[in-house]
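Let me begin by presenting the structure, written as structure tokens, before commenting on it.
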Amino acid sequence: MSASSDYLAHLNPSQRQAVEHFEGPLLVVAGAGSGKTRALTYRIAHLIRQHGVDPENILAVTFTNKAAKEMKARLETIFAQVWAQQEFGQRFELLGEYEKTQLMSKVYKKITKPLWIGTFHSLCSRILRYDIDKYRDERGRSWTKKFSIFDENDVQGVIKNIITKEMDLDEKQFNPRTIRYKISNAKNLGHSPDQFLKENPGYKGRVMSEIYQAYQAQLVANNALDFDDLILLPTRLFQQNESILGYWHRKFNHILVDEYQDTNRIQYDLIRLLSTNGEDQPKNWDWRGRSTFVVGDADQSIYSFRMADFTILLNFQEDFGDRLPDAQTQTMVKLEENYRSRENILQAANCLIENNSQRIDKVLKPTRTGGDDIILFKADDERDESRFVVDKILELKQVNPELNFGSFAILYRTNAQSRPFEERLLSYRIPYSIVGGFKFYDRQEIKDAIAYLRILVNPADTVSLLRIINTPRRGIGKSTIESFVNASKELDIPLWEILTDETSVQTLAGRASKKTLQFANFLQTIQSQITELPASSILNLVLEQSGYVEELKQKGTEEADNRLANLAELDNAIRQFEAESEDPSLVEFLASASLSSDLDDLQEDAEKVSLMTLHSAKGLEFPVVFLVGLEQGTCPHARSIDDPLDLEEERRLCYVGITRAQENLFLTHARVRYVWGSLETKVPSQFLQELPPELLSDPFTGRGSSRKTSNSSQKNPSIAQKQRQALKATKSNGATSLTWEVGDRVIHANFGEGVVTHIFGTGLKVNLAIKFPGISPKIIDPRLDSLRRP
DNA sequence: CGTACTGCTCGTGAT
DNA sequence: GAGCAGTACG
């Protein structure tokens, strides 16, 4: 039996179709828990084994670094097994230690190392390390390969500085946070400052586009990029340089994108350019030996705040596909069988998501029947809620020996909700790990150390230089720094060039000039060694010679000891990076540090209770899930409650939470909760009323607990009830008796006049994709949204 | 020049 | 509750 038919045997027919697809485009609509990661991994293995594709010609985009790491690990397992059979005629486990090591290093060298697997951000930063110097922005400016990646804090700082210092604007009228958000959105749509001005006319728009302009100038001056640029620049570069695009297009014959529903415009443009070589006419596309394979689920689209746009997924058939109806298409596969959750959990999930109007009709089909009731717990307050959850964890673990602490996840809408759970877990001495919130790389001492490293690699990085110029204190004070900064602005050269010029320093600094020159000298000395010494040695040189460690040691406080421990942790991280990475340079370490998230080192086998937001939980699964804080204003979040489309995204978020559970699901809400220090009375989440009451039971009586809520909601009908009423109304006025056709003109109460571009489903269950002028296409259920003919 | 204190504002999600 | 700007004081 060949090993390849062996792995194909583990797939259902749809998964198999996805895995065996070779050339051309394919959309895989993959519901939660339908085995899409398996399909993606096996597809890569199949391309290499069956079609002889060279791993270096495969590009796979994952949503997190963790997913990338896991996919690589799975591929290594597959190939280790296959080659063990081929070369030794045995299962891998039965080989001797030496053979195992030899084989694994061969698998790494031949398979996972040459593969390009990672997030959009990490893959793009890799492309930029090759080609960024060939890029020119709209004003002809350029970057070097040593560019820094500014994190959100750096960016906020720069923008705030521009608003308050450079442009002397009122911070209240021009909120740095809001403007940062608008600039990010503009970049994700591919808009330059000039285009931004066109989109935002009037006084405010003009000022904001000036801020955007100034911000770009700062990035260029610092030889730095923000997160959005990491994707925007390669896309622009490909648009402006045919031969560079040609190179990457020819390199990446097979492109795979996971979580396609959460891609945004620029990411789509990038994938399209790489797939089509910038050729607009589908008839000119040459798919021989090439494929573009995307996997996603519109019902799990939860990143619209990052400009993700799931209509990109809905449009795949139009953009790349054969545009045939579902039954005949060769360019779409649906994975609807769910292998993760018990039947009743799936029923609840299906029932909830049906309340959304913007979706492709898709029902998760259970493969695992039965299961315990879903428990709905009404807590008095957040402390009562945390007590219930933690008690339940202990109880379940005791009753069921198969469960360990790692089997449990507590999921919430916002990071701020974690505290009561942390406190209680701590007091019960239960191990837990918390994802999100305050990251390792956000700590002050880590950011200081990173700033030192960044200035060594990229001397133009003035933001980093300013961070550490007087940290630890070395007598270079505010006014001295100010005169340096003014001079560098005046001459339009990086601050670093002033500091390394003895005459300039002596002229500008007076008393502090000796200290300044010492500082500049010490950095220059280390800088001359960065190509010779390993990154970890550079870090240690910097920490010792800057006096940073010395200062902390002298303080001797508990806090200082903590910081020293964190710096030791950073040293570990660098050493580990050196051991694992194919390019262990300092530049690469800095890039990986910028792009890391703490989800990346969440281990499933760590026997720790997981705490995280619903966003972070995407793609994960747990035997037991607690979905907490299900109250109006918390989940759905207060900022989304008034906008119907935002509310649908909140519902998808809740859906993502429910579908994480394999065996048991607990839903909790509190009667009152402290919000920003004051007590607020909370109303149960409307999503609770959208779940079938017969599936929910009370943790103590075991009986349906939601009867009361659904009765009392008669006067104040839930959204579901309202929609049922709306459905009746449209039926009686005969709107659904109309049959829809592509090209029909319609009038929608909110969006105005539009044209039907697609029809999803048949019979009563029909959704329409409608293009309204000036906005992205909408998927609309004609039974729920009132549509008129013109 | 550096630090400690006060008072003010702000508050979703994250690569 | 935290982070930040402004201010008073050593």
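The values are calculated or read from the model by the stated rules, or taken from the named source; none is laboratory data. In this text the structure is predicted, and so the values were computed from the model without any measurement. Neighbour counts run over all protein chains shown; Cβ positions are idealised from the backbone, glycine included.
Of all the numbered requirements in (1) within 16 Å of DNA strand C (Cβ to nearest atom); (2) at pLDDT 90 or above, A:D461 misses one, and that requirement is (1). The listed residues are A:T62, A:T37, and the only one of them that is under 24 Å from A:I127 (Cα atoms) and of a type in the set (S, T, N, Q) turns out to be A:T62. Among the residues of the range A:665-674, is any in contact with a Phe, Trp or Tyr (Cβ under 6 Å, 6 or more places away or on another chain) and more than 9 Å from DNA strand B (Cβ to nearest atom)? Yes, the range A:665-674 has at least one match. Being away from DNA strand C (no atom under 16 Å from the Cβ) and among the hydroxyl-bearing types (S, T, Y) is the filter here, so list the residues in the range A:465-494 that pass it. Result: A:S483, A:S488.
Of the candidates A:D170, A:D151, the single residue that is under 12 Å from A:D226 (Cβ atoms) and either within 10 Å of DNA strand B (Cβ to nearest atom) or charged (D, E, K, R) (or both) is A:D151. From A:R413, A:R429, grab the single residue that is within 14 Å of DNA strand B (Cβ to nearest atom) and among the charged types (D, E, K, R). On inspection, the qualifying residue turns out to be A:R413. Looking at the range A:636-643, is at least one residue surrounded by 18 or more Cβ atoms within 10 Å (Cβ to Cβ), outside any helix (DSSP H, G or I) and within 14 Å of DNA strand B (Cβ to nearest atom)? Checked the range A:636-643: at least one residue is surrounded by 18 or more Cβ atoms within 10 Å (Cβ to Cβ), outside any helix (DSSP H, G or I) and within 14 Å of DNA strand B (Cβ to nearest atom).
To keep it simple, each residue is scored yes or no on (1) among the hydrophobic types (A, V, I, L, M, F, W, C); (2) over 26 Å from the mean Cα position of the chain (by Cα); (3) away from DNA strand C (no atom under 14 Å from the Cβ); (4) not in a loop (DSSP other than H, G, I, E, B).
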| site | (1), (2), (3), (4) |
| --- | --- |
| A:G140 | no, yes, yes, no |
| A:I159 | yes, no, no, yes |
| A:D168 | no, yes, no, no |
| A:Q173 | no, yes, yes, no |
| A:T178 | no, no, yes, yes |
| A:Y181 | no, no, yes, yes |
| A:K198 | no, yes, yes, yes |
| A:G205 | no, yes, yes, yes |
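A quick yes/no check of all residues on (1) out of contact with any Ser or Thr (no Cβ under 6 Å at 6 or more places or on another chain); (2) of a type in the set (V, I, T); (3) modelled with pLDDT of 90 or more; (4) assigned to a helix (DSSP H, G or I):
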| position | (1), (2), (3), (4) |
| --- | --- |
| A:L611 | no, no, yes, no |
| A:F626 | yes, no, yes, no |
| A:T668 | yes, yes, yes, no |
| A:E680 | yes, no, no, no |
| A:F687 | yes, no, yes, yes |
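Scanning the range A:555-608 for residues that are within 14 Å of DNA strand B (Cβ to nearest atom) and not in a helix (DSSP H, G or I) turns up A:T557, A:S596, A:S597, A:D598, A:L599, A:D600, A:D601, A:L602.
Residues that are under 15 Å from A:A73 (Cα atoms), away from DNA strand C (no atom under 16 Å from the Cβ) and among the aliphatic types (A, V, I, L, M): does the range A:107-114 have at least one? Yes, that holds for at least one residue.
Would the range A:388-411 turn up any residue that is of a type in the set (S, T, Y) and within 16 Å of DNA strand C (Cβ to nearest atom)? The answer is no, given that none of the residues of the range A:388-411 is of a type in the set (S, T, Y) and within 16 Å of DNA strand C (Cβ to nearest atom). Can you tell me which condition A:F622 does not meet? The list is (1) within 30 Å of A:Q527 (Cα to Cα); (2) away from DNA strand B (no atom under 14 Å from the Cβ), and all the others hold. Result: A:F622 passes all but (1). A single member of A:Q17, A:Q81 is over 25 Å from A:D262 (Cβ atoms) and surrounded by fewer than 22 Cβ atoms within 10 Å (Cβ to Cβ), and it is A:Q81. Filtering the range A:51-97 to residues that are part of a helix (DSSP H, G or I) and among the aromatic types (F, W, Y) leaves A:F79, A:W83, A:F88, A:F92.
Only one of the numbered conditions (1) in contact (Cβ under 8 Å) with a residue 24 or more places away in the chain; (2) buried (at least 21 other Cβ atoms within 10 Å of the Cβ); (3) not in a loop (DSSP other than H, G, I, E, B) is not met by A:E422, and that is (2). Restricting the first member to the range A:670-687 and to residues that are within 13 Å of DNA strand C (Cβ to nearest atom), and the second to residues that are of a type in the set (S, T, N, Q) and part of a strand (DSSP E or B), no beta-carbon pair is closer than 7 Å while six or more apart or on different chains. For beta carbons closer than 6 Å, sequence separation of 6+ or different chains, a first residue in the range A:233-251 that is within 15 Å of A:G140 (Cα to Cα) and a second that is outside any helix (DSSP H, G or I), the qualifying pairs are A:L233/A:Y135; A:L237/A:Y135. The condition of being in contact (Cβ under 8 Å) with a residue 40 or more places away in the chain, surrounded by 16 or more Cβ atoms within 10 Å (Cβ to Cβ) and more than 15 Å from DNA strand B (Cβ to nearest atom) holds for only one of A:V435, A:V457, that being A:V457.
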